[in-house]
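This report concerns only the one structure given below.
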Amino acid sequence: MAETEKMHLKIIEGCRLPVKRDLEGQNDWHLAEVLSMREIGDDCMYYVHYVDFNKRLDEWVNKDRVDLSKIQLPKKETKSLHKRSADSRSTSPEREVVVVYFFFQKLTWRIMNREMSTIKAFLHVSTIFNLTIPVPTNPVQIEKQICHLYVCLYTRGLNDILIKNGITLADCQPVVKKIPNKFPRKRKLVEGASEETDSQEVEAAPRQTGSMTVHVNEDKVSRIKNINCIEVGKYRLKPWYFSPYPIELTKYPVVYLCEWCLKYVKSMTCLQRHLAKCQLRYPPGNEIYRKSSISFFEIDGRKNKSYAQNLCLLAKCFLDHKTLYYDTDPFLFYVMTEYDSKGFHLVGYFSKEKESTEDYNVACILTLPPHQRKGFGKLLIEFSYALSRIEGKAGTPEKPLSDLGLLSYRSYWTNTILSMIIGLKPEPGQEKPQITINEICEKTCVKKEDVISTLQHLNLINYYKGQYIIVLSDDVIEGHKRSMSKRKMRIDIRCLHWTPKDWSKRGKW
């Protein structure tokens, strides 16, 4: 007994050790990191993350599945006591936040003291950091643009640029010692999310991008799945990631969701009571597309806040790289449903910013697991580009994409670009058809960077006799034909009834 306890003491959070994992009927040992531990009676359970595998495979394992003889204890981080040189780049996110904050503090002071006009100040920032930003015209826009710049600069290597413009780390020392509490207002978290923060950590910047992404280090709580199972309609789903549902629900084996309004309850009895009162049989928005059994609904995150928040909570169970916030007002949600005699059942959705400075046409995108690998993902992507086509501009999804999202988008871009190129015909007097990258963008509504990355991924661009040419091999063409033959569902633009709105001219979203 004493020897067993001694062995258990060796396992601490952060250590790594081999864990037996059942993969397609074969038991293999994989190196895993212990993220958390809990005792259930006399047994001890470990929550492990398999190294070099996606987080959705993380799980609780008992001591029989771990190899205690090969424990790798976590290495202690050594902090350098040497002072950094003026031209060295800081690797600390906290230090970078403070430097950016000091920059804006200095910029705001110059504006308030009329040393620099607002227009000149923002043009100055645009020049320094190579950003394209609209010049604000009122106090509300000023605050919004400063928050946008804050996030842009935080995600870059910025110390060198600041130093070159007369802002040194030495200037920031008083601010570094005492982290300021005057950062831009933080969005309210969903009820039940952890609010505990380390006193030495800097508050996260507010959400300024379509996916509600904030590039901060994830805390211990959000690394561990908190919901065991979710029941939506006739499906029971096992969440892949943490989602900030109310903490009271995490103790129940199953969380029940109304498939019409997505309200969450703790038991089947509560769900039946709710269904007796719920009048919805379709998402609470405008139906803008219908063909056969597939419909799309446009939902305003401000007008239908409760539904949008519940949708985000459900989506967070299957999206790892998004940080969920409670503010859904700046977003539009396009929900894809499948119709039967009972109503319109949720299949997937994507969200989109009402005003995007980066021309993003998708913020978050998700096909629910029961409907994956059926072509619905590409249908969502195709629909997002159909909206961009009506708006008359090229669009792109917000980065970073998840692993599954990148596969879907790359497949869609490949099919779309190859279909357009294969269909080209040479002009009179030309031996072969000619086209530029910009023309491909105009015809497909795909952003230039995405077109170039797709062509490079397929190795289609070659340099020949002083110019770049696109070479399509027989294998590429045959593969494209096979891929297109599998796409049974396509968006029919004639069935789309939608008019884009100019949100910049509206006083309120």
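The values are calculated or read from the model by the stated rules, or taken from the named source; none is laboratory data. Source: prediction; values computed, not measured. Note that each Cβ is placed from the backbone with ideal geometry, even for glycine, and that neighbours are counted across all protein chains shown. Heavy atoms of the whole protein, side chains included, go into the accessibility calculation; ligands, DNA and RNA do not. Shrake-Rupley method; radii C 1.70, N 1.55, O 1.52, S 1.80 Å.
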Item checked: Burial ranking of peptide ranges 492-499, 422-429 (average Cβ count within 10 Å, highest at the top) -> 492-499, 422-429
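If you average the sequence gap of Cα pairs under 8 Å that are 6 or more apart and divide by the length of region 15-65, what percent do you get for the contact order?
Values: 87 pairs, mean separation 14.1, N = 51.
Value for region 15-65: 28 percent.
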Margin query: Could you work out what % of the accessible surface of region 391-509 is carbon and sulfur, using a 1.4 angstrom probe and leaving DNA, RNA and ligands out of the count?
Written below: 51 percent
Notebook entry, point to check: What percent does the relative contact order of region 385-509 come to when contacts are Cα pairs within less than 8 Å and at least six residues apart?
Noted result: 27 percent
Margin query: Rounded to the nearest 20 debye, what is the charge dipole size of region 281-495 about its Cα centre when +1 sits on each Lys and Arg Cβ and -1 on each Asp and Glu Cβ?
Written below: 660 debye
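Rounded to the nearest whole Å², what accessible area per residue is found for region 281-495 with the 1.4 Å probe?
On the way: 10530 Å² over 215 residues.
Here the residues of region 281-495 average 49 Å² of exposed surface.
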Note to self: Would you report the distance distribution of C-alpha pairs in region 225-280 as whole percents per 5 angstrom bin, up to the bin with the largest distance?
What the structure shows: 4, 20, 32, 24, 13, 5, 1
Check: Given q = 0.22 Å⁻¹, what are the Debye log10 I(q)/I(0) values for region 260-303, with equal point scatterers placed on the Cα positions and solvent ignored?
Finding: -0.83
Next item on the list: May I ask for the equivalent-ellipsoid semi-axes of region 470-509, computed as the square root of five times each C-alpha gyration tensor eigenvalue and listed largest first in whole Å?
Entry: 40, 16, 8
Check: Over region 367-509, what per residue volume does the convex hull of the Cα atoms give, in whole Å³?
Finding: 179 Å³
Checklist line | For region 15-65, the Rg and Dmax computed from alpha carbons only, in angstrom | finding: 10.8, 32
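Which peptide among 298-305, 32-39 comes first, and what is the full order, when sorted by highest mean count of other Cβ atoms within 10 Å?
Numbers: 298-305: 18.0, 32-39: 16.5.
In decreasing order of mean packing, 298-305, 32-39 become 298-305, 32-39.
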Next item on the list: Over region 281-495, consider all pairs of different Cα atoms and compute the Kirkwood hydrodynamic radius from their mean reciprocal separation; express it in Å, one decimal.
Entry: 18.7 Å
Checklist line | Residue-normalised accessible area of region 225-280, given per residue in Å² at a 1.4 Å probe | finding: 53 Å²
Next item on the list: Compute from the Cα atoms of region 306-367 the Rg and the Dmax, the latter being the longest Cα-Cα distance, and quote both in angstrom.
Entry: 12.5, 42
